[in-house]
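One structure is given here, and the rest of the page talks about it.
The values are calculated or read from the model by the stated rules, or taken from the named source; none is laboratory data. These numbers come from a predicted model, not from an experiment. Cβ: placed from backbone, ideal geometry, glycine included. Neighbour counts: every protein chain shown. For accessibility, only protein heavy atoms count, side chains too; no ligands or nucleic acids. Shrake-Rupley method; radii C 1.70, N 1.55, O 1.52, S 1.80 Å.
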Amino acid sequence: MASSRLPSGALTLKQFMRRQQVLLLYRKILRAIRQVPSEANRKYLQDWAREEFKRNKSATEEDTIRMMITQGNMQLKELERTLALAKS
């Protein structure tokens, strides 16, 4: 029986792909927050986003992570719509 060449803590392909989705969502949210005109609101939203991602960092169940990504994408779209309305 051949032993695996991967380290014991290595991510599976599915976990790696999910991690990439989470990181992409985090970066998109922070980019959108940079467009908030008010310094106080921008700081509040940055702190909120960081805290939410830190709080859910230990989630391991696939369905839970997928649901959180979906919710995050909906919140991002809502923020982008709000920013677009504020600019017009």
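Output the residues belonging to segment 49-67 that are touching a helix residue (DSSP H, G or I) at 6+ places or on another chain (Cβ under 8 Å) and more than 22 Å from Gln35 (Cα to Cα).
Within segment 49-67, Asn56, Ala59, Glu62, Ile65, Arg66 meet the criteria.
What number of residues within segment 34-51 are open to solvent by 60 Å² or more (accessible area, probe 1.4 Å) and part of a helix (DSSP H, G or I)?
Number of matching residues: 9.
Say whether the condition of being touching a helix residue (DSSP H, G or I) at 6+ places or on another chain (Cβ under 8 Å) and open to solvent by less than 70 Å² (accessible area, probe 1.4 Å) is met by at least one residue in segment 5-20.
Yes; the residues of segment 5-20 include at least one that is touching a helix residue (DSSP H, G or I) at 6+ places or on another chain (Cβ under 8 Å) and open to solvent by less than 70 Å² (accessible area, probe 1.4 Å).
Name every residue in segment 52-73 that is in a helix (DSSP H, G or I), more than 11 Å from the chain's Cα centre (by Cα) and either exposed (fewer than 11 other Cβ atoms within 10 Å of the Cβ) or aromatic (Phe, Trp, Tyr) (or both), in order of residue number.
Arg55, Asp63, listed by residue number.
Which condition breaks for Phe16 when tested against (1) more than 15 Å from the chain's Cα centre (by Cα); (2) over 21 Å from Glu78 (Cα atoms); (3) aromatic (Phe, Trp, Tyr)?
(1)
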